[in-house]
Amino acid sequence: MNIKKTLTILGGAVAMAFAAQVWALPTVKILATGGTIAGASASKTDVTGYKAGSLGIQTLIDAVPQMKDYAEVSGEQVVNISSNNVDTKILLTLANRVNELLADPKVDGVVITHGTDSIEETAFFLNLTVKSDKPVVMVGAMRPATAISADGPMNLLEAVQAAASPKMKGAGVTIVMNDRICAARETTKFHTSNVDTFRSPEYGFLGVMSEGEPVLYRLSTRRHTTKSEFDVKGLTTLPRVDVVFALPGGDAKLAEAAVAAGAKGIVSASMGNGSIPQGHKDFYVPLMKKGFPVVLSNRVPTGDCVLSKDYLEKGYIAAGNLSPQKSRILLQLALTKTSDPKEIARIFSEY
Ligand code: SIN
């Protein structure tokens, strides 16, 4: 073979390798946990009597072949359950697996299918424990996969499109459903059955999915992912934290039971702006004097829990605008680092 011919062949091979690199689709891994998106019923019109977590991840992937136009997609079944049973062990498994996957330079993003009932808690937990700025997108559905007008397939497609997009880098963990891109920290389930269930009251969505592309309008400024101090690698459990609902005139029996059950901290779902009945105060104040953390969050859906000097001096910790269920997640993680109430208050002001 003469030198000219050799160079032509070599040049062609280099050009092809370059083109393959440029045109290669991003790699997105889907971790499946169950929920209504994997729910099935005997009837196409049954949208309540179905079994969540019935279909496996490959069935969900096969139902949306259009995903292959946006990413190299493959799935992994972590569990297949209703999200009301997503416990600490599953949260830790998810965080560790997402961290392992995203440490691989060949993986561009992760999608997690999940029941909508507790998706906001898992999303917030991962937002605080994932150590990567690559996209992590959580997705669910309000109608089972077998229903007429099931919302799961479109939601899954949009979640993969978002996870495949470099525009989502640094956005933290998001929930993509019903064309909306929602921040893990500020998003909550707002309707028991409507497909348009997720809301970010006060702060709004991060953006929308439009024509297969994420369009972002804002980002959350609170610490998350690469800026988070929490590391769950090697942990097998998290400290117990219970949420105690504040009712007018209520006694402290439930709070007492929480401590007796081994709670290392309590989140109060308080009335108004941190107001709790005298019976709760009488129990919490001596407890806080011994260094036990009590976080005051709100049962009111919007607004910050800003505590007066008097409350702060007694040792209560303000949850800011975190809901009781999200305050519980943050307090559990805070307790993996410190039991000092001042440090915990600092954590609540930064995350
Ligand atoms: C669940 O959270 O697992 C059931 C409800 C849903 O996914 O919408």
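A short reminder: the numbers here are calculations on the coordinates, not readings from a lab. These figures come from a predicted structure and were not determined experimentally. Note that we place each Cβ from the backbone using ideal geometry, even for glycine, and neighbour counts take in every protein chain shown.
The table below lists the values:
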{"read-out": "Mean Kyte hydropathy of -1.0 or more with a Cα span along the axis of at least 24 Å, helices from DSSP in the chain", "value": "3-23"}
{"read-out": "Residue of Lys290, Lys44, Lys131 that the Gaussian network model of the chain assigns the largest fluctuation, springs spanning Cα pairs under 10 Å", "value": "Lys290"}
{"read-out": "Virtual paramagnetic centre 7 Å along Cα→Cβ of Lys233, amide N under 18 Å, in region 119-142", "value": "126-134"}
{"read-out": "Violating pairs (Cα-Cα greater than 22 angstrom) within the set Lys264/Lys337; Lys106/Lys189; Lys106/Lys167; Lys131/Lys169", "value": "Lys106/Lys189"}
{"read-out": "Proportion of all alpha-carbon pairs of the chain beyond 26 Å (%)", "value": "53 percent"}
{"read-out": "Candidates Lys309, Lys134, Lys106: whichever shows maximal mean-square fluctuation once the chain is modelled as a Gaussian network with Cα springs under 10 Å", "value": "Lys309"}
{"read-out": "R0 of 35 Å, Cβ-Cβ distance Glu350-His191: FRET efficiency to nearest 0.05", "value": "0.65"}
{"read-out": "Ascending count of other beta-carbon atoms within 10 Å, so fewest first, for His191, His114, His280", "value": "His191, His280, His114"}
{"read-out": "Dipole magnitude (debye, nearest 20) for the chain, charges at Cβ of Lys, Arg, Asp, Glu", "value": "680 debye"}
{"read-out": "Neighbour-count order for Phe245, Phe292, Phe125, Phe230, fewest beta carbons within 10 angstrom listed first", "value": "Phe245, Phe292, Phe230, Phe125"}
{"read-out": "Shape call, region 82-152: gyration tensor on alpha carbons, a/c limit 1.5", "value": "oblate"}
{"read-out": "Those trypsin sites (Lys or Arg not before Pro) in region 228-274 that DSSP places in a loop and that have at most 11 other beta carbons within 10 Å", "value": "Lys233"}
{"read-out": "Residue order, fewest to most beta carbons within 10 Å, for Thr192, Thr197", "value": "Thr192, Thr197"}
{"read-out": "Percent of beta bridges antiparallel (DSSP, the chain, rounded to nearest 5)", "value": "35 percent"}
